[in-house]
Amino acid sequence: MNQFRELVFYGKVFYRFAGWRLPTLIALILLSGLLDVVGIVSLMPLLQITMGEGNDNVFSQAIKTAMSAASIQFNFLSVALLLAAIFCFKGVIVFIQSFWTIHTITAVRRNIQTRLAK
């Protein structure tokens, strides 16, 4: 319980110095994790198409429905291109997240140094 109090205390201190940058950073981390899960789960329909199995899971049906609504044929190439687009988008989000992490840490250090100099 003592460690939890310390975590909350240091979280509040970090939030005081980081300001609005911290919730933005947390949102980017969550979005990156969500895209990671979607990318991994998107491999299932691709593997099912490759192995010639039926599309019996919920995620495969959802992808098939979304692709048919967009008038895209559900085949190996289209699912592979969708998967590549998801991973490229995830790469962009991870790059933005890394940049924002560095930006936040730099802002916190600058704020702390400014307060210490006063």
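Just wondering, is there one or more residues in region 88-104 that are of a type in the set (A, V, I, L, M) and in contact with a Ser or Thr (Cβ under 6 Å, 6 or more places away or on another chain)? So that I can check it myself, show each step before the final result.
Looking only at region 88-104, we keep the residues that are of a type in the set (A, V, I, L, M), and these are 92-94, 96, 102.
Now drop any that are not in contact with a Ser or Thr (Cβ under 6 Å, 6 or more places away or on another chain), which leaves 93-94.
Yes, region 88-104 contains at least one residue that is of a type in the set (A, V, I, L, M) and in contact with a Ser or Thr (Cβ under 6 Å, 6 or more places away or on another chain).
In region 21-66, which residue that is among the hydroxyl-bearing types (Ser, Thr, Tyr) and open to solvent by 80 Å² or more (accessible area, probe 1.4 Å) is nearest to the chain's Cα centre (by Cα)?
Step one: filter region 21-66 for residues among the hydroxyl-bearing types (Ser, Thr, Tyr), giving 24, 32, 42, 50, 60, 65.
Next, only the ones that are open to solvent by 80 Å² or more (accessible area, probe 1.4 Å) stay: 50, 65.
On the way: Thr50: 27, Thr65: 24 Å.
In this case the residue turns out to be Thr65.
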So, of the residues in region 82-101 that are more than 27 Å from Lys64 (Cα to Cα) and more than 9 Å from the chain's Cα centre (by Cα), which turns out to be most open to solvent (accessible area, probe 1.4 Å)? Phe95
Checklist (1) touching a Leu at 6+ places or on another chain (Cβ under 7 Å); (2) modelled with pLDDT under 90 applied to Trp100, failing item: (2)
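Please give the helices (runs of 4 or more DSSP H) falling wholly within region 17-81 in which 1 or more residues are in contact (Cβ under 8 Å) with a residue 24 or more places away in the chain. Spell out the reasoning first.
Values: elements: 21-41, 43-51, 58-69.
Filter on region 17-81 gives 21-41, 43-51.
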If I go through region 23-61 residue by residue, how many of them are at pLDDT 90 or above and among the hydrophobic types (A, V, I, L, M, F, W, C)? 8
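The values are calculated or read from the model by the stated rules, or taken from the named source; none is laboratory data. Predicted model, so just to flag it, every value in this text is computed and none were measured. Cβ atoms come from the backbone with ideal geometry, glycine included; neighbour counts cover every protein chain shown. Accessible surface areas use protein heavy atoms only, side chains included; no ligands, DNA or RNA. Shrake-Rupley method; radii C 1.70, N 1.55, O 1.52, S 1.80 Å.
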